[in-house]
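Following: one structure in C-alpha cells, then a few remarks.
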Amino acid sequence: MADAEGGPDMVSFRELARRLVADGIVERITHQRVSKISKEDPGFPPVVKVGRSNAVDYRLAAPYFRSRITRPGWRTDLKGKPPKAEE
C-alpha cells in the first residue's frame with residue numbers, strides 16, 4: 001500500500017464517495033452504495049475498521065472504481081440478475 005509519496009491515503013466510505021465524485025471518477029455515489037459494493041465484490045480493495053467506521057486506501061479504490069463495469073438502471077425486480085460480463 002505504501003509508495004514513494006509517504007504511504008496509504010486512508011479515507012472513510014463517506015469521504016471516498018465524496019472524492020470519487022469530486023475527481024470525476026463516478027457521476028454520483030453514496031457511502032451506503034460504497035459499503036454495499038465492499039461487501040458484495042471480492043475484488044474490492046482491503047477494508048480497515050477505524051473505530052466504528054470502515055476505511056479504504058484511496059490509491060487502491062480510485063483505480064478500482066475507474067475500471068468497474070456498471071449497469072445503471074438494470075431492473076432486477078423485472079428482469080432478474082444481469083447477464084455475466086463476457087470475458
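Mind listing the long-range amide H neighbours of VAL47? Cut-off is under 5 Å, sequence gap 5 or more, other chains count too, H placed in the peptide plane at 1.01 Å from N.
The list, which skips near neighbours in sequence, is empty: none.
At what distance in nm do the modelled label points of GLU27 and ILE69 sit from each other, each positioned 7 Å from its Cα along Cα→Cβ?
2.0
A short reminder: the numbers here are calculations on the coordinates, not readings from a lab. These numbers come from a predicted model, not from an experiment. Counting neighbours? That spans all protein chains shown, and the Cβs are built from the backbone with ideal geometry, glycine included.
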